[in-house]
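Let me begin by presenting the structure, written as structure tokens, before commenting on it.
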Amino acid sequence: MGAKYKTEPLKCWDKAKEIRLNYYKNFAAAHEKGGLRWAGGAWSFDAIPAGLGNDVYPLTGEPYAAAVAFNKDFALKCHEAVEKAGYARDLCSYMRNYWGSILLNKYVFGGEFPKPDFIWQDHICCSHAKWYQVARDLEGKDIPMYCIDVSVGPYEELTDNKLDYVVGQMHDGIEWLEAVTGRKYDDEKLIRAVHDHCRSESIWAEVCALNKAVPAPLDEKTMYSLYVHGTLNKSSQIVADFYEELLDEVRDRVKRGIAAVANERCRVMSDTQPPWAFLNVFRYLEKYGCVSVGSLYTFGLIGMWDIKEDGSWGPRKTPQEEGIEIKDRDKALRVLASWELNKPEWQHFYSPQLKSEMMIRIAKEWKLDGVLLHYNRGCEGLSLGIAENRLALKEAGFPVMSFEGNMGDEREFDEAQTMTRIDAFMESLDFEKDIVGA
Amino acid sequence: MMEKFKEWYEKRHEYAQEWKNRTGGKVVGYFCTYVPEEILYAAGMLPVRILGSHEPQDVTEPHIFGMYCPFCRDCLAQGLKGRYDYLDGIMIAQSCLHIRQTFTSWKLHIPIDFSYYLPMPNNVQSKRALPYLTGELRVLKEALEKWTGKAISDEDLNRGIEIMNKSRRLTRELYELRKQPNPALTGLEAMYAVVASQMVDKKDYNETLQGILEKLPQRPEEKDSKIRLMILGSEDDDTEFLQMVESLGAIFVVDDHCTGSRYFWNEVTPNQNPLEAIASRYVERVPCPSKDWPQRTRMEHIKKLAQDWEVQGAIVIQQKFCDPHELDIPATIESLKQIGIPAQFLEFDVTVPIGQFKTRVEAFLEMLREEDLY
């Protein structure tokens, strides 16, 4: 079958790669320039350490570990090193990739593993704080660690008492940062970072919303290489500006009808992190003219959403767009905490129903034919409630294919079986494989 | 002498139903020991901990992905099979994600009059945890008042505190007896006592335990001394395992389980503000590993237990897939090693392979006996 739509590569692709690579290089080289390194999760409030200066570089654990997972041989060495040290192999595979890098003293981007000067983490699942507690055991207990607990329940039940708890920990965290780094904290830098943080997340949501278009301008495999910037350093101007540029380009693609998948005739979404070493799953789908337009994971981990006047999902307005003035530290922290606690990917920690409702909304608004659920053995946080999501999606009338795997440990992913399942799923949806040259 | 606890544990549902018929009160099932039972007692309710039945089951697969701990799935199975149909409410205090799924799936699929999620802080080492939890306990109290249509006074709260504290004091006394060279009670009996205390009215438990504490010192002493063991790790009410180990010339003298010492170790220190006093107890209690960060405070506690109860070896158990404990196990084994206590690690499931475990425990005990010789 011939191409149905025009397609073309993204113009900002090289820039996306360059920003990501610079991020990892800057972290490793931070000390050469007299700067500081901090390590923590992709969910950390990275706008807060930004107040220490422009030469403070983060290394967020999840995207780093996903990069390790992509390198199957190195990932296996990491897992074996961690198991040898006595840690269970069913623990979060990101965490094990990260610890393995410490134990092997190898940075997946080259050279020795760069030790952070301090740890700045937040606690969202059973493993987040403990991840860096163990990292500290392995790297040497002298690395100072601070962790903010954000587990205050879903946003719809947020109260002043809950917000005060999170904001209070943030205030204490700033005092702690000053104490452990010996630097004076700059509130102006914090305020700028909070604005950029919200700008990045609002724009990313707008980019994802453009994927409602038929044909979809982006496919999920490509989106992984773009949303990642938000997981690296969402509060940086570089990321926020890059997302503006990306938004312009994706708008242009929609206007010109440029498709991510030229033979698009079936639209699905996935769920949770993919098995990073097997992104060819998405290319395999394309043989059926099937495009994965995203997922709650790619939309809602970085994107911040709101219900628009017409009842549909669209990007949340930034505090600046809302006319909220941030003049001091407390206001900046309150805005930041309240903004982040509204994150879609945080809501499902408290109820599978909240996640099911968001998934069903995506399935309807993004015009999906089915859903692929990755039962991800590598992440207890994002696989939480996934079985209930499956039931809810089916009840809402969406065909669901579930497959087991692991985002970071290839030993738990059966590639051949997954492809066979895809074949069966596509056949059940009445889609046939394109025969090249037919 | 201790049979009553075993009976209560085994007939937990009959007890609760009988209690309900007798008192006309509400029974609330809870999923984690961070639930402040003081407030439920203050409201005149019976809090019962929901535990599994250690039977293979096939009803939870559609609801909880199999990578979550067998304990959380076993608990949900009890609800889906209708064994807790007498409950008026369910409650959880935020702890691990695994048991949280039991709560959320229960709420979705099993009709219940009242359900409550208490956002118990995880960062208990932060000075912000106490005011936050105090505020959340106030919200809980109001929710219970709304549900029952009855106000809960400070006097009620103080009564709830006293019931719980008395139970804790008495159970500590029971554990003190286990320090003796030849303890008057086995580890299995101690386990039955603690898990029964989580299921029956504390007033009944306190009265029974008080009587037992008076009689226990007169219990005839065992002649042969046994290897003194500690057991610690994830949720554990695997009585069959304890029985097997204690049949091999060993005795469990202390534990660090949420079905054991962690449940009752700390008391509430009453003050003018009962809710704050209760909150303080739960913030400062011996933590579950899910809340023990950034410092690992639990390790010092474990070492002290091992030393004070003159432990010779430790069995470190983990419910399969239990992330919080898995994250602490290497540090736990290392901490015990620092004070010269060897540890045997075992991974538990809903049912345990008794034969295999027996071989491993026998080898472990043999090693400990050799250490005794040389």
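The values are calculated or read from the model by the stated rules, or taken from the named source; none is laboratory data. Worth saying up front: this structure is predicted, and the values here are computed from it rather than measured. When we count neighbours, we look across all protein chains shown, and the Cβ atoms used for this are built from the backbone with ideal geometry, even at glycine. Calculation scope for accessible area: heavy atoms of the full protein, side chains included, ligands and nucleic acids excluded. Shrake-Rupley method; radii C 1.70, N 1.55, O 1.52, S 1.80 Å.
Computed from the alpha carbon atoms alone, the convex hull of chain B holds 130 Å³ per residue. Sparsely packed loop sites in segment B:293-374 (the trypsin sites (Lys or Arg not before Pro) outside DSSP H, G, I, E and B with at most 14 other Cβ atoms within 10 Å) do not occur.
DSSP finds beta bridges in the protein assembly as shown, and of those with both partners inside it, around 5 percent are antiparallel. Counting only Cβ charges, +1 for Lys and Arg and -1 for Asp and Glu, the dipole size of chain A around its Cα centre is about 840 debye. The C-alpha atoms of chain A define a longest principal axis, and helix A:415-428 lies at about 50 degrees to it.
Counting only Cβ charges, +1 for Lys and Arg and -1 for Asp and Glu, the dipole size of segment A:82-177 around its Cα centre is about 660 debye.
Overall, the accessible surface of the protein assembly as shown at a probe of 1.4 angstrom is composed of carbon and sulfur to the extent of 48 percent.
Going by the alpha-carbon gyration tensor, a ≥ b ≥ c the square roots of its eigenvalues, is segment A:152-204 rounded (a/c under 1.5) or, if a/c is not under 1.5, prolate (a/b greater than b/c) versus oblate? Because a/c hits 1.5 or more and a/b fails to exceed b/c, segment A:152-204 counts as oblate.
For a straight C-alpha distance cut-off of 15 angstrom, the aspartates and glutamates reachable from B:LYS141 (same-chain residues fewer than eight places away being disregarded) are B:GLU37, B:GLU38, B:ASP154, B:GLU155, B:ASP156, B:GLU276.
Taking trypsin sites (Lys or Arg not before Pro) across segment B:8-52, the ones in a DSSP loop with at most 15 further Cβ atoms lying within 10 angstrom of their Cβ are B:LYS11.
Sparse packing (at most 11 other Cβ atoms within 10 Å of the Cβ) combined with a DSSP loop state is found for the following trypsin sites (Lys or Arg not before Pro) in segment A:177-269: A:LYS184. Dividing the summed helix terms, -39500 (n - 2.57) for each DSSP H run of n ≥ 4, by the number of residues in chain B produces a 222 nm estimate of -15500 deg cm²/dmol to the nearest 500. Taking a sphere under 10 Å around the Cβ of A:LYS355 and counting the other residues whose Cβ falls inside, with K and R at +1 and D and E at -1, yields a net charge of -4.
Think of segment A:1-80 as having a plus end and a minus end, set by charges on the Cβ of Lys, Arg, Asp and Glu; of A:ILE48, A:ALA65, A:ALA30, A:ALA65 sits farthest toward the positive end of this dipole. Using the Cα atoms of segment A:237-380 to build a convex hull, what is its mean projected area in square nanometres? Across all orientations, segment A:237-380 yields a mean hull projection of 11.1 nm². For B:PRO62, the shell of other residues with beta-carbons less than 13 Å away shows a net charge of -1, using +1 for Lys and Arg and -1 for Asp and Glu.
Of the peptides A:156-162, B:288-294, the order by per-residue mean of other Cβ atoms within 10 Å, starting with the highest, comes out as B:288-294, A:156-162.
Taken along its three principal axes, the alpha carbon spread of segment A:308-413 comes to 49, 36, 21 Å, from the longest extent down to the shortest.
Counting only protein heavy atoms and a 1.4 Å probe, the protein assembly as shown has 36 square angstrom of accessible area per residue. Here chain A is treated as an ellipsoid with the same Cα gyration tensor; its semi-axes, largest first and in whole Å, are 34, 25, 21.
Measuring max minus min along each principal axis, the C-alpha atoms of segment B:67-109 give extents of 27, 19, 15 Å (largest first).
Rounded to the nearest 20, the Cβ-based charge dipole of chain B about its Cα centre (Lys and Arg +1, Asp and Glu -1) stands at 820 debye. Counted over chain A, the DSSP beta bridges are approximately 10% antiparallel.
The calculated 222 nm mean residue ellipticity attributable to helices in chain A amounts to -15000 deg cm²/dmol, summing -39500 (n - 2.57) over DSSP H runs of n ≥ 4 and dividing by all residues.
Convex hull over the Cα atoms of segment A:315-372, averaged projected area in nm²? Over every viewing direction, the Cα hull of segment A:315-372 projects on average to 5.4 nm².
With respect to chain B, whose longest principal axis is taken over its alpha-carbon atoms, helix B:187-197 is tilted by about 0°.
For chain B, the longest principal axis of the Cα atoms and the long axis of helix B:202-215 meet at an angle of about 30 degrees.
Accessible surface buried at the A:B interface totals approximately 3800 Å², computed with a 1.4 Å probe on protein heavy atoms. Interface residues of segment A:324-359, defined as those with an accessible-area decrease of at least 10 Å² between the chain by itself and the complete set of protein chains (probe 1.4 Å), are A:PHE349, A:TYR350, A:PRO352, A:GLN353. Simple rule: put +1 on each Lys or Arg Cβ and -1 on each Asp or Glu Cβ in chain A, find the dipole, and look at A:MET419, A:MET223, A:LEU393; the Cα lying farthest toward the positive end is A:MET419.
Along the charge dipole of segment A:69-197, pointing to its positive end and built from +1/-1 on Cβ of Lys, Arg, Asp and Glu, which listed residue (A:TYR87, A:HIS195, A:LEU104) has its Cα farthest out? It is A:LEU104. The Cβ shell under 13 Å around A:ARG256 holds other residues with a net charge of +1, Lys and Arg each +1, Asp and Glu each -1. Measuring nothing but alpha carbons in segment B:258-362 and taking Rh as the Kirkwood radius, the Rg to Rh ratio lands at 1.03. In terms of its alpha-carbon gyration tensor, the protein assembly as shown comes out prolate; a/c meets the 1.5 threshold, and the first ratio a/b outweighs b/c.
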